[in-house]
Amino acid sequence: TTTDDYNAISTGWGYRSDQWQWTNRLERRMASASNTHSASSSLYHPLSNSMAIGGSLDFYKQVTDPAYDQTFDATLDFALRPRKQPFALLFQTRWVQDKESTGEDSGRSESRRIINNAHLNWMFNPGNQVAAQYGFKNVLDQYDDEDYKATVHYLASEFRHNFNETWDIGLHGRELISSAEQQQNS
């Protein structure tokens with residue numbers, strides 16, 4: 001393990017009202033071997049008593065001249081939770097982009113992923129509920145001048161029966177399917 005002397009500066013701020021919540025953070029770290037920059041921001045807004053939308057942005061970059069490592073991650077969420085209805089829905093979309101370079105022409109890589117998730121929870125009577133999830137991920141990896149693509153689907157469901165406040169029983173299943181014709185289930 002090596003040690004590295006560094007100086008860092010960071011700041012954060014936020015805003016909150018009845019309709020908005022916004023938080024932010026910035027940081028810069030200067031070291032003898034590398035420099036690091038990071039930033040994050042998240043926003044939340046209730047659209048009504050039963051709907052809300054939110055999102056976040058995260059950025060990170062470390063430079064070790066001439067090499068670097070960089071990540072960008074953006075998320076958008078939508079939730080539907082009617083108070084008088086027995087169900088809740090959550091939709092999430094996420095974009096992730098990673099870049100790396102060793103500083104040489106043959107040492108570059110980049111990965112881009114878009115990920116979508118949908119979650120449903122439905123309590124159709126006080127003792128029984130069903131949960132379901134569908135996820136989708138599309139990946140493009142690039143190493144030097146070579147492209148590799150993949151698509152992954154994820155399906156899951158669960159049924160739960162509550163006998164009383166202490167005991168319940170459940171049954172669940174899930175399936176993971178990739179474009180490489182691989183399949184995993186349980």
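The values are calculated or read from the model by the stated rules, or taken from the named source; none is laboratory data. Note that the structure is a prediction, hence the values are computed from the model and not measured. Because the Cβ atoms are built from the backbone with ideal geometry, glycine has one as well, and the counts that use them run over all protein chains shown. Note: accessible area is taken over every heavy atom of the protein model, side chains too, but ligands, DNA and RNA are not part of it. Shrake-Rupley method; radii C 1.70, N 1.55, O 1.52, S 1.80 Å.
With all protein chains kept in place, the per residue accessible area of segment 1-159 amounts to 67 square angstrom at a probe of 1.4 angstrom.
The orientation-averaged projected area of the convex hull spanned by the Cα atoms of the chain comes to 16.0 nm². The relative contact order of segment 1-116, computed from alpha carbon pairs under 8 Å that lie at least 6 residues apart in sequence, is 16 percent.
A Förster radius of 25 Å combined with the Cβ-Cβ distance from Arg83 to Phe159 puts the calculated FRET efficiency at roughly 0.60. For segment 32-98, what mean projected area does the convex hull of the alpha carbons give, in nm²? The number I arrive at for segment 32-98 is 5.5 nm². For segment 127-176, the Kirkwood radius over C-alpha pairs fed into Stokes-Einstein at 10 °C and 1.306 mPa s yields D = 116 µm² per second.
Spin-label model, Ala39/Ala52: points 7 Å from Cα along the beta carbon direction are separated by 2.6 nm. Here the chain has 52 percent of its accessible surface on carbon and sulfur atoms, given a 1.4 Å probe and all protein chains in place. Note down the Stokes-Einstein diffusion coefficient of segment 93-186 in µm²/s, whole number, using a Kirkwood radius over alpha carbon pairs, 20 °C, and 1.002 mPa s. For the chosen part, D equals 132 µm²/s.
Per-residue packing, averaged as other Cβ atoms within 10 Å, sorts the ranges 34-45, 117-128 into the order 34-45, 117-128, beginning with the highest.
Of all lysines in the structure, the ones whose alpha carbon falls short of 16 Å from that of Lys137, not counting any fewer than 8 places away in one chain, are Lys149. Protection proxy ranking for 160-166, 72-78, using the average of other Cβ atoms within 10 Å per residue and placing the highest first: 72-78, 160-166.
Every pair of different Cα atoms in segment 94-144 enters the Kirkwood calculation, which places the hydrodynamic radius at 14.0 Å.
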